[in-house]
Amino acid sequence: MTAPTTAPRVAIIVVAAGSGTRLGEPVPKAFVDLDGRSILSRSLDPIFGLADPVQVVVVAPSSHLQQARDIVGQSAGAASDACGVVVGGDSRQSSVASGLAALLPSIEIVLVHDAARALAPGSLFERVVAEVESAGRGVIPGLAVSDTIKRVDASATVLETVDRAQLSAVQTPQAFPRAELVAAYAAADREFTDDAALIQHAGGSVAIVAGDPLAFKITTPWDLRRAQQLLAETSSASRPSASALTVRTGVGVDAHALDADQPLWLAGLFWPGEAGLAGHSDGDAVAHALCDALLSAAGLGDIGGIFGVDDPRLHGAHADVFVLETVRLLAVAGFAPSNVSVQLVGNRPRFAPRKKEAEEFLSALVGCPVSVSATTTDSLGFTGRGEGVAAIATALIASATQPAAGSVT
Ligand code: CTP
Ligand code: MG
């Protein structure tokens, strides 16, 4: 993590390192799908919608570090300099401690937030930050308890009714002055269920501000279903039409010089007896333009930014390496390719005889129809002079939650 140009004063530690035992899914809770995107990805939405820049520290399980980095990178976009992912611990408390160790020197206020509260709105983050600024002490969101609460003994006998006016069901994000939280963590001699309890144990005082019902914690399968239902209601109410926001196009261009000493790999196929293309990988301009079109459609940058030319694993790599990783990144971002069209520009090879073979191969790799056409340029330009080949691609992608590409109107 590098310090962004304007050093932020506020950091948000998003704890996502739990296993989600009570949810009972095969992957850790933060990586469980919630309406087309992971719980972690959803929990970052309000944070990147805040008006003022913050440092974001995501605490992830060691088994899912790369997935967490992908999700954070996608959510952060241009703000990725201010974000980092660290490995969590066995308890929530030790996970928060890992996050605290990654704070930038400029941080004065720290928010600790459960990724599992994926629908907590941005207004809740703003409220706790404003309150901690003015009160100069810890601030946590809480909701009045509406059920009647009984104190019971070990044999399930009701002892008394607790005065619920004195109770508050607390949530996250919980906000604290940095120095106070760091000192309380350093002094902690046992586990607490939230950060406010730890601060109080260290002698600090904490205030309650109004919580938000949407900041409920996804703990059980019922909670997950409820969150899905709430998201479906919100999106159908706010979207003018499903197609307006969920279908995107992208464009990609690539060119490689001929290198007669190399074998030719183009459109994922080996072309015996043809002069090859220069490049760190196999120089497959068709596959590279295709990947660029998909990445640009998803707003994920381009092939040069994702596959470094210095990476020795990519030396001589063929289309499958680039295409499969591109499709995986799209899936992480919640998109699925609908179709890709590529045009090869060059004198050789004569493409028509193997057009069907190339299309079938690339369609299977991408997981959607890929069409490939070819043209020459009437002897004009570097392709016309036979110095190299170029390829131009367009891609259509849809949100993975789209019912079906064919149903888009
Ligand atoms: N958490 C964490 N590290 C842990 C345990 C929990 O970062 N060792 C995080 C979870 O990822 C979650 C938040 O703390 O975002 C609240 O914890 P909880 O809802 O209890 O999540 P889990 O511990 O994953 O779930 P369970 O208790 O059902 O196993
Ligand atoms: Mg837990």
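The values are calculated or read from the model by the stated rules, or taken from the named source; none is laboratory data. Quantities reported herein were computed from a predicted structural model and do not represent experimental measurements. Heads up, the Cβs are rebuilt from the backbone with ideal geometry, glycines too, and the neighbour counts pull from every protein chain shown.
One residue stands out in the range 17-37 among those that are surrounded by fewer than 19 Cβ atoms within 10 Å (Cβ to Cβ) and within 8 Å of ligand 1 (Cβ to nearest atom): the one that is farthest from residue 86 (Cα to Cα), namely 22.
Filtering 116, 156 for residues that are in a loop (DSSP other than H, G, I, E, B) and either under 26 Å from the mean Cα position of the chain (by Cα) or polar (S, T, N, Q) (or both) leaves a single hit, 116. Considering only residues that are in a helix (DSSP H, G or I) and either under 22 Å from residue 96 (Cα atoms) or in contact with a Phe, Trp or Tyr (Cβ under 7 Å, 6 or more places away or on another chain) (or both), which ones fall in the range 194-235? Correct list: 195, 196, 197, 198, 199, 200, 201, 215, 223.
Only residues that are free of Cβ contacts under 8 Å to residues at least 24 places away in the same chain and not in a loop (DSSP other than H, G, I, E, B) were counted in the range 19-67, giving 3.
Does the range 295-309 contain at least one residue that is at pLDDT below 95, of a type in the set (Asp, Glu) and within 30 Å of the chain's Cα centre (by Cα)? The answer is yes, given that some residue of the range 295-309 is at pLDDT below 95, of a type in the set (Asp, Glu) and within 30 Å of the chain's Cα centre (by Cα).
Annotation: residue 90 fulfils all but one of (1) more than 28 Å from residue 196 (Cβ to Cβ); (2) without any contact (Cβ under 8 Å) to a residue 40 or more places away in the chain; the unmet one is (1). Taking (1) free of Cβ contacts under 8 Å to residues at least 60 places away in the same chain; (2) in a strand (DSSP E or B); (3) more than 18 Å from residue 40 (Cβ to Cβ); (4) not aromatic (Phe, Trp, Tyr) in turn, residue 133 satisfies each apart from (2). Check the range 125-135 and report whether any residue there is over 23 Å from residue 230 (Cβ atoms), of a type in the set (Ser, Thr, Tyr) and either within 16 Å of ligand 2 (Cβ to nearest atom) or within 15 Å of the chain's Cα centre (by Cα) (or both). Taking every residue of the range 125-135 in turn, none turns out to be over 23 Å from residue 230 (Cβ atoms), of a type in the set (Ser, Thr, Tyr) and either within 16 Å of ligand 2 (Cβ to nearest atom) or within 15 Å of the chain's Cα centre (by Cα) (or both).
Quick grid of which residues meet (1) within 16 Å of ligand 1 (Cβ to nearest atom); (2) in contact with a strand residue (DSSP E or B) (Cβ under 9 Å, 6 or more places away or on another chain); (3) modelled with pLDDT under 95:
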position	(1), (2), (3)
39	yes, yes, no
60	yes, yes, no
70	no, no, no
76	no, yes, yes
82	no, yes, yes
110	yes, yes, no
116	yes, yes, no
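Are any residues in the range 84-104 within 14 Å of ligand 1 (Cβ to nearest atom), of a type outside the set (Gly, Ala, Ser) and not in a helix (DSSP H, G or I), and if so, which ones? 85, 86, 87, 90, listed by residue number.
Can residue 190 be described as touching a strand residue (DSSP E or B) at 6+ places or on another chain (Cβ under 8 Å) and either on the phi > 0 side of the Ramachandran plot or not aromatic (Phe, Trp, Tyr) (or both)? Answer is no for this residue.
Being surrounded by fewer than 16 Cβ atoms within 10 Å (Cβ to Cβ) and either touching a Pro at 6+ places or on another chain (Cβ under 8 Å) or basic (Lys, Arg) (or both), is that true of even one residue in the range 273-295? Among the residues of the range 273-295, not one is surrounded by fewer than 16 Cβ atoms within 10 Å (Cβ to Cβ) and either touching a Pro at 6+ places or on another chain (Cβ under 8 Å) or basic (Lys, Arg) (or both), which makes the answer no. Considering each of 10, 14 in turn, give the residue that is touching a residue at least 40 places away in the same chain (Cβ under 8 Å) and within 12 Å of ligand 1 (Cβ to nearest atom). Being touching a residue at least 40 places away in the same chain (Cβ under 8 Å) and within 12 Å of ligand 1 (Cβ to nearest atom) holds for just one of 10, 14, which is 14. Residues that are in a helix (DSSP H, G or I), aliphatic (A, V, I, L, M) and without any contact (Cβ under 8 Å) to a residue 40 or more places away in the chain occur in the range 354-365; there is at least one. With respect to the conditions (1) in contact with a Leu (Cβ under 8 Å, 6 or more places away or on another chain); (2) more than 16 Å from ligand 2 (Cβ to nearest atom), residue 80 lacks only one, and its number is (1). Restricting 156, 179, 184, 120 to residues that are surrounded by 17 or more Cβ atoms within 10 Å (Cβ to Cβ) and without any contact (Cβ under 8 Å) to a residue 40 or more places away in the chain narrows the list to 184. Check the range 46-65 and report whether any residue there is within 25 Å of residue 175 (Cα to Cα), within 16 Å of ligand 2 (Cβ to nearest atom), more than 13 Å from the chain's Cα centre (by Cα) and not aliphatic (A, V, I, L, M). Yes, the range 46-65 contains at least one residue that is within 25 Å of residue 175 (Cα to Cα), within 16 Å of ligand 2 (Cβ to nearest atom), more than 13 Å from the chain's Cα centre (by Cα) and not aliphatic (A, V, I, L, M). Within the range 159-176, the set of residues being surrounded by 10 or more Cβ atoms within 10 Å (Cβ to Cβ) and in a loop (DSSP other than H, G, I, E, B) comprises 167, 171, 172, 173.
Within the range 15-27, the set of residues being of a type outside the set (A, V, I, L, M, F, W, C) and within 11 Å of ligand 2 (Cβ to nearest atom) comprises 18, 19, 20, 21, 22.
Do we have any residue at all in the range 130-137 that's out of contact with any strand residue (DSSP E or B) (no Cβ under 7 Å at 6 or more places or on another chain), under 20 Å from residue 193 (Cα atoms) and not basic (Lys, Arg)? The answer is no; no qualifying residue exists.
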